[in-house]
Amino acid sequence: MHGTEPTERDTGGIGRRRLLSAIGGSAVAAALAGCSTLLSDSGGQQSGDGGDSGGSIPQEPIQAGLLTFTKGAPGVLGIQAQRGAELAVQRINEAGGIGGQRQIELDVVDEGSNPLDSYNQFIEEGKEVTFGPISSGTHSQIAPEVEKNEVVNVGTDGTVTTLYEETVPDPTYSFRFQNYDIMEVVTMAREAVERIGADEIETVAGVNPGYSFGEDEMRVFTQAITKLTDAEVVYEGFPELGASDMSNHITSINSEQPDVTFSSLWGGDVTTFVRQASANDMFDNTTVFGTTLYSAAGDVPADALAGTDIYSGSRNYYWGHPALGNWQPGRELFDAATAQDGVTVPTAHYMSGYGAVTAWATAVEKAIDLLGTYPSQGQIAQMLEGHGFFTPAGYHNMAEDHQGSSNSFAGAMVYDDDLGAARLDDVNIYSAAETAPPPGVAGSAWLDSWSS
């Protein structure tokens with residue numbers, strides 16, 4: 001294991017008080033970290049002097065908006081993010097609301113074909129905070145509008161590397177919770193070296209979605225893996241989203257027999273690719289490493305994974321680590337998630353929704369604690385910069401460049417009959433320091449700086 005994962009043991013009153021202090025000392029922070037059972041021992045602490053602040057905290061509910069995919073192929077990711085955000089809102093409200101007074105009302109809208117219009121509708125409706133989107137293209141569209149509207153947005157996904165390098169290089173109100181593209185790609189490049197060995201990787205192929213996301217992921221993987229090994233790229237394929245036939249890519253891989261095949265396919269395309277690859281014995285000729293293959297955990301059938309050799313990343317969250325039996329917050333999150341419609345197992349996209357809401361809510365609670373009143377948009381934005389907070393996945397940090405970062409996970413993707421879904425086996429953890437450039441350093445420049 002390469003990273004660190006905070007764990008908590010029931011060590012009595014002193015341990016409980018220390019944990020509550022670490023997560024911010026408020027009922028909302030404790031609930032979102034998954035430690036709500038500790039509140040009875042702490043006297044039900046509230047942040048910002050909660051009920052003592054009189055009229056300084058408004059009484060009306062906070063109107064929030066989430067832009068995500070709720071249907072179609074992208075819904076495999078988007079519904080996970082929606083359910084995660086909804087659980088976070090539920091926990092906030094059950095803990096008394098923001099500042100002990102303000103409940104949150106979350107309006108969920110499908111990104112659809114006109115996501116910028118949907119985002120602008122949120123602003124016209126007076127939303128106090130927005131979350132999302134899923135798509136990198138949508139994120140690039142709305143980020144400049146976020147800055148113009150001066151209303152904080154915490155992105156759930158939309159993980160394009162250039163968002164804070166080129167699109168909005170000096171953001172004030174735009175933040176992103178989820179580990180971004182370069183982090184998940186470098187994780188899998190390091191995972192390939194960890195599993196196979198640098199000296200054993202001589203040839204590499206790629207099968208990635210045929211649009212900017214897939215093209216960017218393959219470019220970053222090529223840059224990373226050629227710094228870590230002496231590998232040569234022998235094939236690159238870019239099937240369209242929803243392609244029903246990937247046989248030409250599989251035939252090319254079987255012909256080249258690369259040591260590693262990299263893929264950022266996601267959702268239903270994972271099942272199509274894996275099923276057809278297995279039927280054509282592709283896994284006899286290569287080992288697959290993918291950034292988002294586990295996004296299809298609840299959809300890929302058992303027979304598609306039988307006999308495969310696949311390793312998948314899971315961005316900044318994997319439900320099975322630490323082991324659920326040893327980690328109460330993780331156990332409770334897993335149980336709550338799997339009780340929701342549309343969630344067989346929670347994926348990293350579930351945590352992207354949960355974590356985006358948590359980042360914003362705990363920053364607001366911290367601001368109330370410092371100011372003794374409800375903060376302005378600018379004050380919330382200031383509080384989010386450099387903000388550290390806990391979720392059941394562990395500790396997260398929102399860097400000064402507005403990019404969230406935390407440990408990332410990778411393991412062998414196998415089918416679990418008892419679970420009725422895929423899981424990751426023999427999981428490795430990679431710290432953010434291993435996978436992300438320092439704040440203010442462009443990803444490409446950081447990779448170039450690696451010694452070959």
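Angle of helix 115-124 to the longest C-alpha principal axis of the chain, folded into 0 to 90 degrees and rounded to 10: 0°. Between 0 and 90 degrees, the angle of helix 181-196 with respect to the longest Cα principal axis of the chain falls at about 50 degrees. Distance from the alpha carbon centroid of region 169-193 to that of region 116-163 works out to 18 angstrom. Only bridges with both residues in the chain count here: give the DSSP antiparallel percent, nearest 5. Expressed as a percentage, antiparallel bridges in the chain total about 40. In order along region 197-209, the phi-based Karplus estimate (6.51 cos²θ - 1.76 cosθ + 1.60, θ = phi - 60°) of 3J(HN,Hα) comes to x, 4, 6, 9, 9, 10, 9, 9, 10, x, 10, 9, x Hz; Gly and Pro are listed as x. Each DSSP beta bridge with both residues in region 67-221 is either parallel or antiparallel, and the antiparallel ones are about 10%. For the chain, carbon and sulfur atoms together expose 43% of the accessible surface, with a 1.4 angstrom probe and every protein chain in place. Surface analysis of region 134-209 yields an accessible area of 29 Å² per residue, using protein heavy atoms and a 1.4 Å probe. The distance between label points at Asn248 and Lys71 comes to 3.2 nm (points 7 Å beyond Cα on the Cα→Cβ vector). Computed extension gain for Asp309 through Asp335, at 0.36 nm per residue and net of the alpha carbon distance, reaches 6.4 nm. By the rule of a C-alpha distance below 17 Å, with chain neighbours fewer than 8 residues away ignored, the lysines paired with Lys148 are Lys127. Rolling a 1.4 angstrom probe over the protein heavy atoms with all chains in place gives region 74-126 an accessible area of 38 Å² per residue.
Output the 0 to 90 degree angle, nearest 10, between the alpha-carbon long axis of helix 348-371 and the longest principal axis computed from the alpha carbons of the chain. The helix 348-371 is inclined about 30 degrees to the chain. Largest to smallest in accessible area, the residues Lys71, Lys127, Lys227 fall in the order Lys71, Lys227, Lys127 (1.4 Å probe, all protein chains included). In this structure region 301-452 gives 34 Å² per residue of accessible area when probed at 1.4 Å with all protein chains present.
Distances between placed amide hydrogens fall under 5 Å for Gly206 paired with Tyr235, Glu236, Gly237, Phe262, all partners being 5 or more residues away or on another chain.
To the nearest 0.05, how large is the calculated FRET efficiency for Ala198 and Leu371 if R₀ is 51 Å and r is the Cβ-Cβ distance? Working from the Cβ atoms, E equals 0.50.
The Cα center of region 225-275 and the Cα center of region 374-428 differ in position by 27 Å. Divided by 2.2 N^0.38 Å, where N counts the residues, the Cα radius of gyration of region 67-128 comes to 1.26.
The values are calculated or read from the model by the stated rules, or taken from the named source; none is laboratory data. Everything numeric in this text was worked out from a predicted model, so none of it was measured. We place every Cβ from the backbone using ideal geometry, glycine too, and count neighbours over all the protein chains shown. Protein only, heavy atoms only, side chains kept; ligands, DNA and RNA dropped before computing areas. Shrake-Rupley method; radii C 1.70, N 1.55, O 1.52, S 1.80 Å.
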